[in-house]
Amino acid sequence: MQPIKFIHMADTHLGYQQYNLPERKRDFNKAFNWVLNKSIKEEVDFILLVGDVFNTNRSDPETIAAIYQMITQFKFNSMENLNREIPIIAIEGNHDKSNYFSERSWLRFLAELKLIILLNPKYNKEEGYFDFIPYSENKKKPGMIRIKDTCVYGIPFYGAITKDYFPVIYDSLNDNSDTFNILMMHFGIKDQVKDKPGIEISEDLRLLHEKVNYLALGHFHKKYALPRNNEWIFNPGSLEVNDAKEVWRSYTRGIFLVEVKDKENPNIRHIPCDYGRSESSEEIPNRFFFQHTIDIGTSNSKSFEDTISHILDKLKILDEKGTKNYKKNDLDLPIVLLTLSGTISYSKLEVNINELKEKIMEKYAVLDVRIFSGMINSEIDGIVVDSSTEKSIDEIENEVFSLLIEQNPDYEPHKNEIIQLMLDLKSSLLEPKPNFDQLKNQIKAWWKAQISLKDGVKNED
Ligand SMILES: [Mn+2]
C-alpha cells in the first residue's frame, strides 16, 4: 500500500472558559494550534478530529473566530510548506450538538466553509444501513473519504444506542481488504475511566475489526489503546485539562501520530500533553496545574487565621509574586488545586475559603486557586444525640438545635429563643408554598427584638 501518516486527536473542547478564566479559553486554542503546526512539521496526509471539537454547540463569537483563523492560517501554512493542504476530517461528539437529531452544528458550518470535512452518513431506517457515500465537494452528507490507500469512515455520537449499531455498521462498511480502513466514532470503552459508563468490547464490536484496521475514538479524556495484545481501538485523550481529575498522573492525554507502511503493522506513537511548557515544546503545551494536599490538622492551629499562615508556609514551593515576570498567558503560571484535610480544633464554620484564596493569590504568582475543603473534620462540630431513652422527632430536633447552638458560646445566652426561631422557620419552610418575604421579615423582627432586649436600644426603622 501507499504509505500514509496521520494525526488522531479528539476532545479539544474549544471555547471552554474553565473557572471563568479567559486565559483558559486561550490555553485550549494554543493546544489545538500546536497540533495543527505539528501536522505540517510531520507532513501528515490528514488529521482526524474525533468529536467534542467545541465545548458547546453554543460557542461564542470569539471561539468561532479563533478556530476560523487557526484553520485558515493552517491551510495557508501547509500550502506554503508542503505545496498541498492537509484535510481535517471530523465527526460530531456529544458536545458539538444540542441533541442527536439536530442538523445544525458549528462543525457543519465549518464544513460548508470548506475548512473541514465532516463525516455524517445518512442512516437508512427502512433497510437498516449507513449510507457511507464518498466525500465530494457537492455531496451533502458524506460518510467516508478515500486518501491514497486509506478509507476513513465516520459516524457521529449516538449515545447509549451506539452498541446496537455495531452489526449495522459492519454490514454497511465496504469489503475493502486491500485498503487501510479507519472508522471514527465518539464513545468510551467500559472500565477505561472510573465511574463513567462506557461500551463493552462485545462480540459485535470485536467483529468490526474484520473490516476496520484502526478504530479512532474520542469521548473519554484519557489515552488508551485496546485490546492489550492486539491494539486496534485507540482513544488519544483530551487536549487540555477539562476537569481536576484529568491532572492525575494516571490520566495520560494527548494525540496519536500514526504511520502506516504495512497495514498489518502500523507505527503508532502517542504524543502527550505537558504542563507548563512553552509552545515550542516537543509535547503538547498545557497550562501548569499544581496539585497539593495539606493536612491542616497537624498544625495545632487554634483558629483559621493560624491555619492560613500554616498553609502559606506549606506553599513556599510556589514562586512569590514579583520574583518572575509572569504574564497571565504564560502556561507555567499555575492553577493551584489545593485539597485541605485533617481534624481541626475549631468549628468548620470558621473555615473561610474565599479569605484563604485571597491570601494565597496576594502572596504567590498563580493564575487561580481552587480549594477543596470537603475532607476537613472538626473536633467540636458533629452532633451526637443521646439515644439511651426513646424520644419523639420533636424532642430529637430540639436536642440537635440545642447542641448546635451550644457550640458557639456567643449564642448560648439566647439558646431558647434561637431554638424557638429555628423551629418556627423550619415549619414555615415545610409549607407547600413558603412565603419567603414573610420569613425574612420574621427574622428581622426577631433580631431587632433580641437586640432591644439585650442592649435596651430603641427600635428604629
Ligand atoms: Mn469530551
### Task
Collect the residues in the range 392-420 that are surrounded by 10 or more Cβ atoms within 10 Å (Cβ to Cβ) and among the hydroxyl-bearing types (S, T, Y), keeping them in residue-number order.
S402, Y411
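Just wondering, is there one or more residues in the range 359-374 that are in a helix (DSSP H, G or I) and either outside the structural domain of P334 (by TED's automatic domain parsing) or out of contact with any strand residue (DSSP E or B) (no Cβ under 8 Å at 6 or more places or on another chain) (or both)?
Checking the range 359-374: at least one residue is in a helix (DSSP H, G or I) and either outside the structural domain of P334 (by TED's automatic domain parsing) or out of contact with any strand residue (DSSP E or B) (no Cβ under 8 Å at 6 or more places or on another chain) (or both).
Conditions tested, residue by residue: (1) buried (at least 19 other Cβ atoms within 10 Å of the Cβ); (2) aromatic (F, W, Y); (3) more than 16 Å from the ligand (Cβ to nearest atom).
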{"position": "R249", "(1), (2), (3)": "no, no, yes"}
{"position": "I255", "(1), (2), (3)": "yes, no, no"}
{"position": "V260", "(1), (2), (3)": "yes, no, yes"}
{"position": "H270", "(1), (2), (3)": "no, no, yes"}
{"position": "C273", "(1), (2), (3)": "yes, no, no"}
{"position": "T298", "(1), (2), (3)": "no, no, yes"}
### Message
Considering only residues that are within 16 Å of the ligand (Cβ to nearest atom) and surrounded by fewer than 21 Cβ atoms within 10 Å (Cβ to Cβ), which ones fall in the range 224-246?
### Response
Y224, N242, D243, A244, K245, E246
### Query
Can E246 be described as of a type in the set (D, E) and either out of contact with any Lys or Arg (no Cβ under 7 Å at 6 or more places or on another chain) or assigned to a loop (DSSP other than H, G, I, E, B) (or both)?
no
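Have a look at I161, I116, I145, I155 and point out the one that is more than 25 Å from the chain's Cα centre (by Cα) and aliphatic (A, V, I, L, M). First the steps, then the outcome.
On the way: I161 fails: more than 25 Å from the chain's Cα centre (by Cα); I116 fails: more than 25 Å from the chain's Cα centre (by Cα); I155 fails: more than 25 Å from the chain's Cα centre (by Cα).
Residue meeting the stated conditions: I145.
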### Query
Of the residues in the range 343-358, how many are in contact (Cβ under 8 Å) with a residue 40 or more places away in the chain and surrounded by 16 or more Cβ atoms within 10 Å (Cβ to Cβ)?
4
### Query
Is it true that A65 is assigned to a strand (DSSP E or B) and outside the structural domain of V369 (by TED's automatic domain parsing)?
no
### the range 1-30, residues that are under 30 Å from K148 (Cβ atoms), touching an Asp or Glu at 6+ places or on another chain (Cβ under 6 Å) and within 14 Å of the ligand (Cβ to nearest atom)
D11
### Query
Which residue pairs have Cβ atoms closer than 6 Å, lie 6 or more positions apart in sequence or on different chains, and pair a first residue in the range 163-182 that is modelled with pLDDT of 95 or more with a second residue that is assigned to a helix (DSSP H, G or I)?
F166/D204; F166/L205; P167/D204; Y170/L207; Y170/L208
#### Entry: Qualifying residues in the range 421-440 (those that are surrounded by fewer than 14 Cβ atoms within 10 Å (Cβ to Cβ) and under 25 Å from D381 (Cα atoms)) - the one farthest from the chain's Cα centre (by Cα)
S427
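In the range 249-267, what residues are over 24 Å from K25 (Cβ atoms) and either in a loop (DSSP other than H, G, I, E, B) or among the hydrophobic types (A, V, I, L, M, F, W, C) (or both)? Can you show your working first?
Of the residues in the range 249-267, the ones over 24 Å from K25 (Cβ atoms) are 249-250, 256-267.
R249, S250, F256, L257, V258, V260, K261, D262, K263, E264, N265, P266, listed by residue number.
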### Message
Condition first: under 23 Å from E358 (Cα atoms), modelled with pLDDT of 95 or more and assigned to a strand (DSSP E or B). Can you find one or more residues in the range 269-286 that meet it?
### Response
no
### Task
Scan the range 193-209 for residues that are farther than 15 Å from Y158 by Cβ and within 16 Å of the chain's Cα centre (by Cα) and jot them down.
V193, K194, D195, K196
### Task
Considering (1) within 19 Å of V44 (Cβ to Cβ); (2) surrounded by 15 or more Cβ atoms within 10 Å (Cβ to Cβ); (3) away from the ligand (no atom under 16 Å from the Cβ), say which one G218 fails and leave the rest.
(3)
### Lone unmet requirement of (1) in a loop (DSSP other than H, G, I, E, B); (2) surrounded by fewer than 19 Cβ atoms within 10 Å (Cβ to Cβ); (3) touching a strand residue (DSSP E or B) at 6+ places or on another chain (Cβ under 6 Å) for F157
(2)
### Query
Taking the range 304-359 on its own, how many of its residues are touching a Ser or Thr at 6+ places or on another chain (Cβ under 9 Å) and polar (S, T, N, Q)?
7
### Task
Return yes when I268 is aliphatic (A, V, I, L, M), free of Cβ contacts under 8 Å to residues at least 60 places away in the same chain, in the same structural domain as K41 (by TED's automatic domain parsing) and over 30 Å from S347 (Cα atoms) and no when it is not.
yes
### Task
Scan the range 233-249 and give yes if some residue there is within 30 Å of T179 (Cα to Cα) and either at pLDDT below 95 or of a type in the set (D, E, K, R) (or both), otherwise no.
no
### Task
Please list, ordered by first then second residue, the pairs with beta carbon atoms under 7 Å, 6 or more apart or interchain, first in the range 41-59 and touching a residue at least 40 places away in the same chain (Cβ under 8 Å), second more than 16 Å from the ligand (Cβ to nearest atom) and part of a helix (DSSP H, G or I).
I47/S39
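Hey, any hits in the range 100-110 for a residue that's within 16 Å of the ligand (Cβ to nearest atom) and loosely packed, with under 14 Cβ neighbours inside 10 Å?
Within the range 100-110, the first condition is being within 16 Å of the ligand (Cβ to nearest atom), and the residues that meet it are 100, 105-107.
Still in the running and loosely packed, with under 14 Cβ neighbours inside 10 Å: 100.
Within the range 100-110, one or more residues are within 16 Å of the ligand (Cβ to nearest atom) and loosely packed, with under 14 Cβ neighbours inside 10 Å.
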#### Entry: In the range 31-56, residue nearest to the ligand (Cβ to nearest atom) [restricted to those that are surrounded by 24 or more Cβ atoms within 10 Å (Cβ to Cβ) and at positive phi]
D52
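The values are calculated or read from the model by the stated rules, or taken from the named source; none is laboratory data. Everything numeric here is computed off the predicted structure, so don't read it as measured data. Please note: Cβ atoms are built from the backbone with ideal geometry, for glycine as well, and neighbour counts cover all protein chains shown.
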